[in-house]
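These notes are about the structure you will find just below.
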Amino acid sequence: MPQTSDRLGKFTESVIRSMTRLSNKYGAVNLSQGFPDFDPPEPLLKALEKAALKGPHQYAVTWGAENFRKALALKHQKFSGTAINPETNIVVTCGSTEAMMAAMMAACNPGDKVIVFSPFYENYVADAVLSGAEAIYVPLYPPDFGFDREELKRAFRKGPKAIVLCNPSNPTGKVFNKEELEYIASLAMEYDTFVITDEVYEHIVYEPNNHLYMSALPGMFERTIVCGSLSKTYAITGWRLGYILASEKIINAARKVHDFLTVGAAAPLQEAAVTALGFPESYYGELKAKYTGLRDIFLGHLDRAGLKYSKPQGAYYVLVDIEPLGWKDDVKFSEWLVKEIGVAGVPGSSFFHEPVKNLIRFHFAKKRETLDEAGNKLMKLKSIA
Ligand code: GLN
C-alpha cells in the first residue's frame, strides 16, 4: 500500500481541539479551546438574519467581497494608522488559520527556515512543515515571557525566510512592547526576513499595555504579513472570517494560495460582518473593559485556589504552574482535571519546543457564571497545593 506523506509525522493533530472533545465527553467546564460562550453583538446577529434572507449566497470575489474589504481597510487604518488599499492589500480568508497557512506558503520555499518563539500557538509549526519549511525556535522566558536579544540574533544569523510574531500572544498573554518590536524589526531588515504576524487578539489588551502594530513601524509594511481575524473581536469564532493584510506584491502571492486552498470565505457571513467592521470606537473600549473584568474574575479564582500563574497582559489565556500541586506530567494532569475536577485546560507542553511539562493553559473568554463554576471546581485543588 502507498504510505501517506512523511510531512505528517512532523506534527500531531491539534491538542487544543482534542481537549474540547475530551471536555465534551466528560461534561467538564471547557476552558481549553479559546472561544466565547456568550453571544455576538445583537446588530451583527440582525445583519446575519438579513444576509440569510437577502443574500448573497453565491461565491464572493475570491480575495473577499468588495464591501467587506472596504470596511476592513477603514477599520484597520483607524487603529494602526497604516493606509490599506482594499483593492491591493487584502485577502479575506477562512479564519486566521487559513491566513497563516496562506502567508507561510506564500513566503516560503521548501527548505526555508522560519523563526518561531516558544511557547507558540500550535498551528505555526504545522503551517511551516506543510509549506516545506522548518521551524527554528527562540525561547520566551517567564514570568513576563521576554526574549534574549542575543538568542534572537543567533536565530536570524541562520538565514530564516520569516519570523512568526503572535502579538498579543497565545498562550502566554504577552504583549510585545515598542523596544521589542523595534528590535525584531531591525533584525528583519538587516537579515531580509518577512515578519508574519498573528494579531487576532489586537483588541484584547489590558492596561497599562497597548497593542502596537509591527507593520506600522518605519519600513516594515513592505515585509510584514499581517494575519488577523474577526473571531475574537466580535465573538464569532465559528464564522471563520480572517484576513491577510500586506503589500501588493505579497498579497498577489497569497491570493494565489488562497484561491486554490478555499476559493473564498462564506459570502453571506462577509456581508453580515460589514456591520461589525463599522462599529463605533466605543465598541472596542467596551470589549476591553469586558475582558479586563473576566480576566480579573478568573485570576481571583486562581488566587483563591492557591494556584500560581503569569498575569496576562493581553489575549484571553493564562498559564498556570502545576508543579506546586505535585504533578510532573501536564498531559496526565489535564486528563485528570477533566475527569476528576470537571475543568478542561490545555497541557502546556503542546505549546513548547522545550520539554516544559509543568504548565496548563486556561482561557477565560466565558460568561461570569461559567468562570465561577470553574472557580468552584478548581477550589478542590487548594487542599493539594
Ligand atoms: N485560538 C484558539 C485557541 O488557542 C483556538 C483556535 C482553533 O481551535 N482554531 O484555543
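Readers should treat all values here as calculations from the given coordinates under stated rules, not as data from a laboratory. Not measured: the values here are computed from a predicted model. Positions of Cβ are generated from backbone atoms using ideal geometry, with glycine treated the same way; all protein chains shown enter the neighbour counts.
Just a few scattered comments:
- Unmet criterion (only one of (1) within 27 Å of residue 205 (Cβ to Cβ); (2) more than 16 Å from the ligand (Cβ to nearest atom); (3) in contact (Cβ under 8 Å) with a residue 12 or more places away in the chain; (4) surrounded by fewer than 20 Cβ atoms within 10 Å (Cβ to Cβ)) for residue 331: (1)
- Residue within region 9-16 that is within 29 Å of residue 223 (Cα to Cα) and in contact with a strand residue (DSSP E or B) (Cβ under 7 Å, 6 or more places away or on another chain) present: no
- Hey, residue 86 within 27 Å of residue 290 (Cβ to Cβ) and either more than 16 Å from the ligand (Cβ to nearest atom) or acidic (Asp, Glu) (or both) or not: no
- Of all residues in region 237-261, those that are small (Gly, Ala, Ser) have Cβ atoms under 6 Å from Cβ atoms of residues that are away from the ligand (no atom under 16 Å from the Cβ), 6 or more apart or on another chain, in 246/225; 247/222; 253/106; 254/91; 254/106; 254/244.
- Residues (under 15 Å from residue 295 (Cβ atoms), in contact with a helix residue (DSSP H, G or I) (Cβ under 8 Å, 6 or more places away or on another chain) and assigned to a loop (DSSP other than H, G, I, E, B)) located in region 171-223: 171, 203, 204, 206, 207
- Members of region 358-367 found to be closer than 10 Å to residue 37 by Cα and surrounded by fewer than 22 Cβ atoms within 10 Å (Cβ to Cβ), listed by number: 367
- Condition met for residue 286 (in contact (Cβ under 8 Å) with a residue 60 or more places away in the chain, more than 16 Å from the ligand (Cβ to nearest atom) and out of contact with any strand residue (DSSP E or B) (no Cβ under 8 Å at 6 or more places or on another chain)): no
Here's the yes/no breakdown for (1) under 18 Å from the mean Cα position of the chain (by Cα); (2) among the polar types (S, T, N, Q); (3) away from the ligand (no atom under 16 Å from the Cβ); (4) closer than 30 Å to residue 367 by Cα:
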site	(1), (2), (3), (4)
4	no, yes, yes, no
21	no, no, no, yes
53	no, no, yes, no
59	no, no, yes, no
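- When each of 175, 138, 129, 116 is tested for being crowded, with 18+ Cβ neighbours inside 10 Å, within 16 Å of the ligand (Cβ to nearest atom) and either among the aromatic types (Phe, Trp, Tyr) or touching a residue at least 12 places away in the same chain (Cβ under 8 Å) (or both), the lone residue that passes is 116.
- Filter result for residue 318 (buried (at least 20 other Cβ atoms within 10 Å of the Cβ), within 16 Å of the ligand (Cβ to nearest atom) and over 23 Å from the mean Cα position of the chain (by Cα)): no
- Identity of the residue in region 23-51, among the acidic types (Asp, Glu) and touching a residue at least 40 places away in the same chain (Cβ under 8 Å), that ends up farthest from the ligand (Cβ to nearest atom): 39
- Residues that are of a type in the set (Phe, Trp, Tyr) and either within 15 Å of the ligand (Cβ to nearest atom) or out of contact with any Gly (no Cβ under 6 Å at 6 or more places or on another chain) (or both) within region 229-251 comprise 234, 239, listed in sequence order.
- Looking across region 27-59, the residues that are surrounded by 14 or more Cβ atoms within 10 Å (Cβ to Cβ) and over 30 Å from residue 271 (Cα atoms) come down to 28, 29, 30, 31, 32.
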